[in-house]
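Chemist: I have a structure I would like to understand better, so I am pasting it below and will then ask my questions one at a time.
The values are calculated or read from the model by the stated rules, or taken from the named source; none is laboratory data. It should be emphasised that the depicted structure is a prediction, and the values quoted were computed from it without experimental measurement. We place every Cβ from the backbone using ideal geometry, glycine too, and count neighbours over all the protein chains shown. Surface areas here come from the heavy atoms of the whole protein model, side chains and all, with no ligands, DNA or RNA. Shrake-Rupley method; radii C 1.70, N 1.55, O 1.52, S 1.80 Å.
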Amino acid sequence: MRWSAGSVAVLALLTLGIRPVAADWGLIGAPGLGDPYYPLDGNGGYDVSHYDITVDYDPPTHYLRGTARIDARANQPLAQFNLDYRGPEVLMVTVNGQPAGFAREGEHELVVSPLLPLLPGLPMRIVVDYAGAAIDTEGEGWTYAPSGGAFAIGQPHSASTWYPLNDTPSDKATFTLHATVPAAWEVMSTGARTRHDIRDDRLHTSWETRSPVLGYLTTIAVDHFTFLEQRRADGTPVLSAFAPESDDNRADEQRLPEILDFLENLYGPYPFEVAGGIYVDAEVPFSLETQTRPTYAPWADLNTVVHELAHQWWGDTMSVRQWSDICLNECFASYTADFLWPERVEGADVDTMYREQIAQARYEQDFWTYALADPGAGTEFTSVYWRGPLFLHALRKLIGEDVFFTAVKDFVNAHRDGHASMPEFRQFIQSRTTLPLREFLAEWLDGTSPPREAFLFPGTLAR
């Protein structure tokens, strides 16, 4: 008698007293976790604790060979589960040392069928070997550099173009990268560099991101980098890299220790053990807060550096629960760079700046089209940049300086290495003041038209 793989899985569970349910036997992890903007992102049935990624990249041919070792824990019986992956051809998959079946479905699903079922609560190790040409996504993942190198950058997605993962904001994990390239090239990534040596005309590097990180906040960059090494007063090592044609950015990057001191005064201790930046020379339209070491486009200026470093608190150590919570990331990073740095470091009159921006935008309907609390799929990176800072300045003036700055510091520190949502933020801010905030928050965060006069000009902003 010959049993199908599915029947074997069911029989194994029955012998342990576990009864599968539903028509699919309850043994298949969901292909997505139902994010309101990207419902197929992430995968059900397991949680990842660590990624160990080994890649060998040849810049002239764009050939990428990789092995992803994923340590996870099943949270339901699993005869099949998915990983998010858009990269080169998959050669082999094993689960707990045993060969597993696999198939690629849709835009980014790698469907894995273990030889034996996975039981809830038990650890599992998934190993995926893959190889082939890494395709240029032009800023939506793996991206070619003008020098012939490459780097990974993108939001909300990028990691799945160069390694398989559970690509969801809700599943953080620690991350190790081992990268090999021809000796004429250099490699940068996130976390601490633990290896950097040349052997057999090949450069071998390793990087450890020891604090939990989301997939889109990991990166690799391969280029003819030059380096800037600094150290903060507290001993935190700062390593920054500059691709060809990006040396003009050195002056801003040399201020990184000063900027981190400024941000610590606002939001509490720097949450990571290393810092720095990666300056690429490809004309991508954005820079990104890759964890510990942001990735900067050539046009990046000091405002950009402050913005991306503020994200190390707002977005990196404290991450969104789902993409509709994006204001927690971008509203705060934008307010920090656009208002707080000019005010406290450069002496700007930000109240006047606020009034001027409100006067200019008040009757521009496009300015108010997207709600801060739920800007919508595909438009999440819009109003949070221009209206978000105005919302936070108005909130600050309404509840007062001490309440505002103490509350935001406490909020971000309460969610280190974790997640938070806009509803949680609203509830937390209200808990710190006796002023009724419901209508103010509703008009600023949920509305798609200018708030009433009293909410546009609260406190000392009042005319």
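Chemist: Taking only Cα atoms, what is the 0 to 90° angle, nearest 10, from helix 401-414's long axis to the longest principal axis of the chain?
Modeler: 10
Chemist: Okay, next question. Tell me the net charge near T379. Cut-off is 14 Å between Cβ atoms, T379 excluded, with +1 for each Lys or Arg and -1 for each Asp or Glu. It would help to have the intermediate numbers written out before the result.
Modeler: Working: positive: R387; negative: E330, D366, D374, E380.
Here the count lands on -3.
Chemist: Same structure, new question: May I ask for the angle, rounded to the nearest 10°, between helix 350-361 and the longest principal axis of the chain, with both axes built from Cα atoms and the value confined to 0 to 90°?
Modeler: 80
Chemist: How high is the relative contact order of the chain? Use alpha-carbon pairs under 8 Å, at least six apart in sequence, and give a whole percent.
Modeler: Relative contact order for the chain comes out at 11 percent.
Chemist: Could you report the accessible area of E109 in Å², rounded to 10, computed with a 1.4 Å probe on the protein chains as they sit in the structure?
Modeler: Using a 1.4 Å probe on the heavy atoms, I get roughly 20 Å².
Chemist: Under 5 Å between amide hydrogens, which residues at least 5 positions from L118 or on another chain qualify, with H placed 1.01 Å from N in the peptide plane?
Modeler: L78, A79
Chemist: For Cα pairs less than 8 Å apart in space and 6+ apart in sequence, what is the mean separation divided by the residue count of region 273-362, i.e. the relative contact order in percent?
Modeler: 19
Chemist: How would you order 135-145, 206-216 from highest to lowest mean count of nearby Cβ atoms within 10 Å?
Modeler: On the way: 135-145: 19.0, 206-216: 22.0.
Per-residue mean Cβ counts within 10 Å order the peptides as 206-216, 135-145.
Chemist: If you don't mind, there's one more thing I want to ask. Give the label of the value calculated from the structure for semi-axes √(5λ) of the Cα gyration tensor in Å, choosing from [x] 40, 29, 18; [y] 40, 26, 23; [z] 77, 27, 19.
Modeler: Computed from these coordinates, semi-axes √(5λ) of the Cα gyration tensor in Å corresponds to label [x].
Chemist: Provide M188, M353 ordered by accessible surface of protein heavy atoms (probe 1.4 Å), highest first.
Modeler: M353, M188
Chemist: Could you give the angle, 0 to 90 degrees to the nearest 10, between helix 5-15's Cα long axis and the longest principal axis of the Cα atoms of the chain?
Modeler: 80
Chemist: Please list D197, D248 from largest to smallest accessible area, probe radius 1.4 Å, with all protein chains kept in place.
Modeler: Numbers: D197 55, D248 140 Å².
Correct descending sequence by accessible area is D248, D197.
Chemist: If you plug each phi of region 142-152 into the Karplus form 6.51 cos²θ - 1.76 cosθ + 1.60 with θ = phi - 60°, what whole-Hz ³J(HN,Hα) values come out, in order, with x for Gly and Pro?
Modeler: For region 142-152, the Karplus curve yields 4, 9, 6, 9, x, 6, x, x, 7, 7, 10 Hz.
Chemist: Just to check I understand the Karplus step: with θ = phi - 60° and J = 6.51 cos²θ - 1.76 cosθ + 1.60, what whole-Hz values come out for region 113-119, glycine and proline as x?
Modeler: Taking θ as phi minus 60°, the curve returns 10, x, 5, 10, x, 9, 9 Hz for region 113-119.
Chemist: While we're on this one: Can you give the net charge of the other residues whose Cβ lies under 12 Å from the Cβ of E289, counting K and R as +1 and D and E as -1?
Modeler: On the way: positive: R293; negative: E308, D316, E330.
Summing Lys/Arg as +1 and Asp/Glu as -1 gives -2.
Chemist: For G277, what residues show an amide H to amide H distance below 5 Å, using hydrogens built from the backbone and excluding near sequence neighbours?
Modeler: L239, S240, A241
Chemist: So what are the ³J(HN,Hα) numbers for region 172-183, from phi and the Karplus equation (6.51, -1.76, 1.60; θ = phi - 60°), rounded to whole Hz, Gly and Pro as x?
Modeler: 8, 7, 6, 8, 10, 10, 10, 10, 10, 9, x, 4
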